[in-house]
Amino acid sequence: MTYRTKGMRFPARPLSREEIISLVSSFGPGFCGRRNAALVMLIWRSGLRIAEALALTSEDIDIDRGCVTVNHGKGNKLRVVGFDDSVIVSLGEWLETRGNWFNGDTPNLLFCTTRGDAIDPSYIRHMLKRKGKQAGIEGRVHAHGLRHSHAFELHKEGVPLVHIADQLGHSNISTTNQYLRHLDPSERIGRIRNRNL
């Protein structure tokens, strides 16, 4: 798993928990700040693709159960993914701000502009790049990197591969296995390094 920058290829690098918390802390308390913080938290803690997150409606989120329904995932597949209490707090703050902004007459999209319109993914790309620098994060900060971080953390926590695949929306476990092998070669490297002659 690599990414390109002007013809150069770099290995995918998941962001650390500290880096993402620093990123989220860089957002302000206003409409855009609360929205962007909730979006970043949701992508990081659920592993959603950016297009999936931006397409969510208010009805897709079930805060009580801690889950979100992705109605049109990759390949137009439906799946339900979980998220934790940190997302519930961030979403709660965003939903309150959003309700106040629109005086209760809120748009159907969960994440929207100040006019209630859909957010262009290019805005998120530029915003994450800018905020990543502001937060002092070295390296590339992008939405798919948050997804990488989610998968990496679940793997490190010992979550079974089949659950990680379901969470990410991979139809084949081998895709998830390949995904994780690129993100975390440390176990393999450690085993090889500790071999004896």
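By how many nm would the segment from T113 to S58 grow when fully extended, if each residue of separation counts as 0.36 nm and the alpha-carbon distance is taken off?
That pair, T113 and S58, stretches by 18.3 nm at full extension.
Can you give the Rg and Dmax of the chain based on its C-alpha atoms, in angstrom?
In order Rg, Dmax, the Cα atoms of the chain give 17.6, 71 Å.
Name the residues whose placed amide hydrogens come within less than 5 Å of the amide hydrogen of T57, ignoring near sequence neighbours (fewer than 5 apart) on the same chain.
L110
Let me have the relative contact order for the stretch 96-144, percent, based on Cα pairs under 8 Å that are six or more residues apart.
Computed over the stretch 96-144, the figure is 21 percent.
Sequence gap at least 6, Cα distance under 8 Å: using those rules, report the relative contact order of the stretch 14-187 to the nearest whole percent.
For the stretch 14-187, the relative contact order is 29 percent.
When the helix-only estimate is applied to the chain (DSSP H runs of n ≥ 4, each -39,500 (n - 2.57), divided by the residue count), what is the mean residue ellipticity at 222 nm, nearest 500 deg cm²/dmol?
-16000 deg cm²/dmol
No lab work stands behind these numbers, since they all come straight from the coordinates. This structure is a prediction, so every number in the text was calculated from the model and none was measured.
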